[in-house]
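Trainee: Let me give you the structure first, and then I'll get to my questions.
The values are calculated or read from the model by the stated rules, or taken from the named source; none is laboratory data. Just so you know, these numbers come straight off a predicted model, no measurement behind them. Heads up, the Cβs are rebuilt from the backbone with ideal geometry, glycines too, and the neighbour counts pull from every protein chain shown. SASA here: full protein model, heavy atoms, side chains in, ligands and nucleic acids out. Shrake-Rupley method; radii C 1.70, N 1.55, O 1.52, S 1.80 Å.
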Amino acid sequence: MPPAPPRRLAVAAVLTALEGLALAGLGVYMLFVGIAGDPDSPQQAETGGLTLLGLAALPLVAAYGLRLGRRWSRGPALITQLMALPVAWTLWTTGGAMIAAAVALALAAVAVVALLVNPTATEALGIGPAGDRAP
């Protein structure tokens with residue numbers, strides 16, 4: 001069993017996994033509405049659901065890699081956060097109940113970016129000065 005990652009890396013993995021699970025949940029919901037519900041366009045709902053399920057794979061795989069301390073996982077995790085920020089802005093401008101979702105998403109995205117660029121996390125992933133040394 002691999003050693004436990006530093007706390008910062010573990011928190012980044014959990015937040016990234018939660019984002020992936022939220023995307024997957026929304027994708028399943030859209031598929032269900034498209035198949036069993038009465039949407040304006042069943043084809044659009046089903047396609048949107050499948051797209052969200054596909055997009056959910058990126059943060060879920062990244063979270064798995066972060067949990068295991070894999071170097072490759074930092075890129076997909078950061079990409080996920082950079083994609084989340086415009087989504088949060090869109091939710092914010094929608095207003096109403098979406099403002100709470102926008103704030104939560106933006107805070108999670110900024111937190112994960114801060115955690116992943118932290119020297120403790122980069123060294124644990126083998127990135128940066130300590131990771132550049134030959135074994």
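Trainee: Looking at segment 64-83, which of the residues that are open to solvent by 10 Å² or more (accessible area, probe 1.4 Å) and small (Gly, Ala, Ser) is farthest from the chain's Cα centre (by Cα)?
Mentor: It comes out as 69.
Trainee: Which of the residues that make up segment 52-63 are more than 18 Å from residue 126 (Cα to Cα) and either hydrophobic (A, V, I, L, M, F, W, C) or under 11 Å from the mean Cα position of the chain (by Cα) (or both)?
Mentor: Of everything in segment 52-63, those that are more than 18 Å from residue 126 (Cα to Cα) and either hydrophobic (A, V, I, L, M, F, W, C) or under 11 Å from the mean Cα position of the chain (by Cα) (or both) turn out to be 52, 53, 55, 56, 57, 58, 59, 60, 61.
Trainee: Could you go through segment 55-71 and let me know if any residue there is of a type outside the set (A, V, I, L, M), under 12 Å from residue 12 (Cα atoms) and not in a helix (DSSP H, G or I).
Mentor: So far as segment 55-71 goes, yes, one or more of its residues are of a type outside the set (A, V, I, L, M), under 12 Å from residue 12 (Cα atoms) and not in a helix (DSSP H, G or I).
Trainee: Condition check: among the small types (Gly, Ala, Ser) and within 30 Å of residue 127 (Cα to Cα). Does residue 36 satisfy that?
Mentor: No, not satisfied.
Trainee: Within the set of pairs 6 or more residues apart or between chains, which connect a residue that is free of Cβ contacts under 8 Å to residues at least 40 places away in the same chain inside segment 5-23 to a residue that is open to solvent by 50 Å² or more (accessible area, probe 1.4 Å) with Cβ atoms less than 8 Å apart?
Mentor: Sorted first by the residue in segment 5-23, then by its partner, the pairs are 21/60; 23/53; 23/55.
Trainee: When residue 96 is evaluated against the numbered criteria (1) assigned to a helix (DSSP H, G or I); (2) farther than 20 Å from residue 27 by Cα; (3) free of Cβ contacts under 8 Å to residues at least 60 places away in the same chain, which criterion, by number, is the only one it fails?
Mentor: Tallying (1) assigned to a helix (DSSP H, G or I); (2) farther than 20 Å from residue 27 by Cα; (3) free of Cβ contacts under 8 Å to residues at least 60 places away in the same chain, residue 96 fails exactly one: (1).
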